[in-house]
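K.L.:
Structure provided below as structure tokens; questions to follow.
The values are calculated or read from the model by the stated rules, or taken from the named source; none is laboratory data. Being a predicted model, the structure only gives us computed values, none of them experimental. Positions of Cβ are backbone-derived with ideal geometry, glycine not excepted, and every protein chain shown enters the neighbour counts. With ligands, DNA and RNA removed, areas are computed over all heavy atoms of the protein, side chains included. Shrake-Rupley method; radii C 1.70, N 1.55, O 1.52, S 1.80 Å.
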Amino acid sequence: MSDWLTALANDDGAQASVLVTVALVEGSGPREAGAKMRVSLDGQVDTIGGGHLELRAVEIAKTMLMTGVNTARLERFALGPSLGQCCGGVVYLVFEPVDAGLTQVLQVLRERRQQDSWRVTALDGEAVSALFDAQANLLAGSPMQAPAHVPTTFSRERGTHVAQDGSGRRWLIDPCLAPRAHLTLFGAGHVGAAIVRALAELPCNITWVDEREDMFPDHLPDNVRIAATDIPEEFVAMAPVGGSFLVMTHSHALDQRLTEAIMAREDGGWFGLIGSHTKRKQFEHRLQTRGVPAERIAAMVCPIGMPGIRNKAPAVIAASVACQLLMVWEEAAQAALATPLRLVSASPPARRKKRAVHQL
């Protein structure tokens, strides 16, 4: 799911590359802070977006590779004045040569894709690359190289940014967070399989449940775990707090049982049930007779998918539901994020007015 992370993972460092990270966006920009791409002399993987911005970033990265630059650098790009892009914001990019230290960090990071981690990179002075967990425990990189004023903890709510320590040295603080969005999907039929394919490259984890083990494909995306079980209700109880549910089994009776189990979880998140308006009315009546609160019934999404899309082909339903889920997940993610702090300009202080600085 993360091309910038998995790219060149098996070349043992034989192919030199530069990791490019969006450190900050002021105003309108093509990608958010934390977006990345990996550049080698042969090309690139992933994208920071932006057309001319990305072309310029690739040029800088390749020049660093050709000239043997071995320290990270921070560059400021005014999209309108300098690059002629209509979005007109300012983007700060960090360029990191993938040396032995960063290679070790990326190796550990690949192993921790389901756990939160924070990369810390020196932007001034000698090259330093380290990886920490939320409690500021060093996971990769030399303890002697870790910045002297690492926070005692890191926060998920604090996005990618540049900070200064007490000596004025700048550091890239880059959260590499495990996906929080989780979908428990009941049903391995044509639509279920299409939804799994549609979500394969998106930042989420999926638990895919069906009693028919032979319905699951041989090859699964990295973000999917299957559960072949005769008691699917157990996976309603095991779903994380705030997790999403999608019910589309081969049996209306099973759909009913699962719906009742999901309704019984007061800490559950978005719930979608495949079916028509008629099916919804039937389920509403049965839920009412079982005493399910009206507000819980009203929150059930049935039919599923974006309004106005009527095509019922599995791939179309999957695309529509994927959009619906992304909207739910993005709204939840935005609600959890604090306003990003600003950083000192990458230009020399004498030439450009300083902005507020976040101290480590």
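K.L.:
Just wondering, is there one or more residues in the stretch 317-331 that are in a loop (DSSP other than H, G, I, E, B), open to solvent by 60 Å² or more (accessible area, probe 1.4 Å) and not polar (S, T, N, Q)?
P.N.:
no
K.L.:
Is there a residue being acidic (Asp, Glu), under 29 Å from Gly268 (Cβ atoms) and buried (at least 19 other Cβ atoms within 10 Å of the Cβ) anywhere in the stretch 196-210?
P.N.:
yes
K.L.:
Tell me which of these Ala264 doesn't satisfy, since it passes every other one: (1) over 30 Å from Val108 (Cα atoms); (2) out of contact with any strand residue (DSSP E or B) (no Cβ under 8 Å at 6 or more places or on another chain); (3) modelled with pLDDT of 95 or more; (4) aliphatic (A, V, I, L, M).
P.N.:
Going through the list (1) over 30 Å from Val108 (Cα atoms); (2) out of contact with any strand residue (DSSP E or B) (no Cβ under 8 Å at 6 or more places or on another chain); (3) modelled with pLDDT of 95 or more; (4) aliphatic (A, V, I, L, M), Ala264 breaks only (3).
K.L.:
Further question: Kindly indicate the residue of the stretch 297-311 that is under 17 Å from Gly272 (Cα atoms) and more than 29 Å from the chain's Cα centre (by Cα) and also least open to solvent (accessible area, probe 1.4 Å) among those meeting that condition.
P.N.:
Top of the filtered list is Ile297.
K.L.:
A follow-up question, please. So Ala122 fits all but one of (1) over 30 Å from Gly242 (Cα atoms); (2) out of contact with any Pro (no Cβ under 8 Å at 6 or more places or on another chain); (3) in contact (Cβ under 8 Å) with a residue 24 or more places away in the chain; what number is the exception?
P.N.:
Exception for Ala122: condition (2).
K.L.:
Just to verify a result, which residue in the stretch 27-67, among those that are of a type in the set (Lys, Arg) and open to solvent by 20 Å² or more (accessible area, probe 1.4 Å), is nearest to Val91 (Cα to Cα)?
P.N.:
Arg31
K.L.:
Still on this structure: Quick one: which of Ala122, Ala193 is at pLDDT 90 or above, open to solvent by 10 Å² or more (accessible area, probe 1.4 Å) and small (Gly, Ala, Ser)?
P.N.:
Within the list Ala122, Ala193, the selection yields Ala193.
K.L.:
On to the next question. In the stretch 274-296, which residue that is open to solvent by less than 50 Å² (accessible area, probe 1.4 Å) and either touching a residue at least 60 places away in the same chain (Cβ under 8 Å) or part of a loop (DSSP other than H, G, I, E, B) (or both) is farthest from Arg197 (Cα to Cα)?
P.N.:
Filtering the stretch 274-296 for residues that are open to solvent by less than 50 Å² (accessible area, probe 1.4 Å) and either touching a residue at least 60 places away in the same chain (Cβ under 8 Å) or part of a loop (DSSP other than H, G, I, E, B) (or both), the one farthest from Arg197 (Cα to Cα) comes out as Val292.
K.L.:
Among the candidates Phe271, Phe235, single out the residue that is in contact (Cβ under 8 Å) with a residue 12 or more places away in the chain, closer than 20 Å to His182 by Cβ, aromatic (Phe, Trp, Tyr) and buried (at least 21 other Cβ atoms within 10 Å of the Cβ).
P.N.:
It is Phe271.
K.L.:
For the stretch 133-148, how many residues meet the condition of being at pLDDT 85 or above, open to solvent by less than 70 Å² (accessible area, probe 1.4 Å), farther than 11 Å from Ala122 by Cβ and not in a strand (DSSP E or B)?
P.N.:
Number satisfying all stated conditions: 3.
Table: residues versus (1) at pLDDT below 90; (2) charged (D, E, K, R); (3) part of a loop (DSSP other than H, G, I, E, B).
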{"position": "Asn10", "(1), (2), (3)": "yes, no, yes"}
{"position": "Gln15", "(1), (2), (3)": "yes, no, yes"}
{"position": "Leu19", "(1), (2), (3)": "no, no, no"}
{"position": "Ala23", "(1), (2), (3)": "no, no, no"}
{"position": "Gly49", "(1), (2), (3)": "yes, no, yes"}
{"position": "Gly80", "(1), (2), (3)": "yes, no, yes"}
{"position": "Arg113", "(1), (2), (3)": "yes, yes, yes"}
